[in-house]
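*Asks:* Please read through the structure below; I'll follow up with questions.
The values are calculated or read from the model by the stated rules, or taken from the named source; none is laboratory data. As the structure is a computational prediction, the values presented were derived from the model and not from experiment. Here the Cβ is made from the backbone with ideal geometry for all residues, glycine too, and neighbour counts use every protein chain on show. Side chains included, ligands, DNA and RNA excluded: accessible areas come from the protein's heavy atoms. Shrake-Rupley method; radii C 1.70, N 1.55, O 1.52, S 1.80 Å.
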Amino acid sequence: QVQLVESGGGLVQAGGSLRLSCAASRSIFSINYMGWYRQAPGKQRDVVAYIFSGGSTNYADSVKGRFTISRDNAKNTVYLQMNSLKPEDTAVYYCNARDSVHDYWGRGTQVTVSS
């Protein structure tokens, strides 16, 4: 079992930056997949970025070149650095962790980008 707690959300102007953190309650060393998802009001939850234990990453087309996902296994934390934010990035951002058996989610952190 692992609990995930997101932090770092808030209100920012367009063009600004935020760094989201996802802190896990135990070691993430053995967790192969960790990702960030987002859900805007009235829309489905979509993947933003994910990272594997070996370090390979993947990004949604809408955030490529602006967002960077990283993981620090020593701190049991995954980060999402978000630059050049746009109003359409406004959403609740969720952290996700998957091993061979389980699928864990955090409760989310709100990101609001004003124009």
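*Asks:* For region 83-115, how many residues are outside any strand (DSSP E or B), among the small types (Gly, Ala, Ser) and over 22 Å from Val5 (Cβ atoms)? If you could, list the steps in order and put the result at the bottom.
*Replies:* Just the residues of region 83-115 that are outside any strand (DSSP E or B), to begin with: 83-90, 99-102, 106-108, 115.
Keeping just the survivors that are among the small types (Gly, Ala, Ser) gives 84, 100, 106, 108, 115.
Now narrow it down to the ones that are over 22 Å from Val5 (Cβ atoms): 84, 100, 115.
Within region 83-115, residues that are outside any strand (DSSP E or B), among the small types (Gly, Ala, Ser) and over 22 Å from Val5 (Cβ atoms) number 3.
*Asks:* Looking at region 60-92, which of the residues that are under 23 Å from Ser27 (Cβ atoms) and either touching a Cys at 6+ places or on another chain (Cβ under 6 Å) or of a type in the set (Ser, Thr, Tyr) (or both) is surrounded by the most Cβ atoms within 10 Å (Cβ to Cβ)? Outline the logic, then answer.
*Replies:* Taking region 60-92 as the starting set, the residues that turn out to be under 23 Å from Ser27 (Cβ atoms) are 68-81.
Subsequent filtering for residues that are either touching a Cys at 6+ places or on another chain (Cβ under 6 Å) or of a type in the set (Ser, Thr, Tyr) (or both) retains 68, 70, 77-79.
Values: Thr68: 16, Ser70: 14, Thr77: 19, Val78: 28, Tyr79: 18.
Among them, the one singled out is Val78.
*Asks:* Here is a follow-up. Residues Arg38, Arg45: which one is open to solvent by less than 60 Å² (accessible area, probe 1.4 Å) and in contact with a strand residue (DSSP E or B) (Cβ under 8 Å, 6 or more places away or on another chain)? Give the steps one after another, and end with the answer.
*Replies:* Numbers: Arg45 fails: open to solvent by less than 60 Å² (accessible area, probe 1.4 Å).
Going through Arg38, Arg45 in turn, just one is open to solvent by less than 60 Å² (accessible area, probe 1.4 Å) and in contact with a strand residue (DSSP E or B) (Cβ under 8 Å, 6 or more places away or on another chain): Arg38.
Residue by residue, here is whether (1) more than 12 Å from the chain's Cα centre (by Cα); (2) touching a residue at least 24 places away in the same chain (Cβ under 8 Å) holds:
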site	(1), (2)
Ser70	no, no
Asn73	yes, yes
Lys86	yes, yes
Val92	no, yes
Cys95	no, yes
Tyr104	yes, yes
Val113	yes, yes
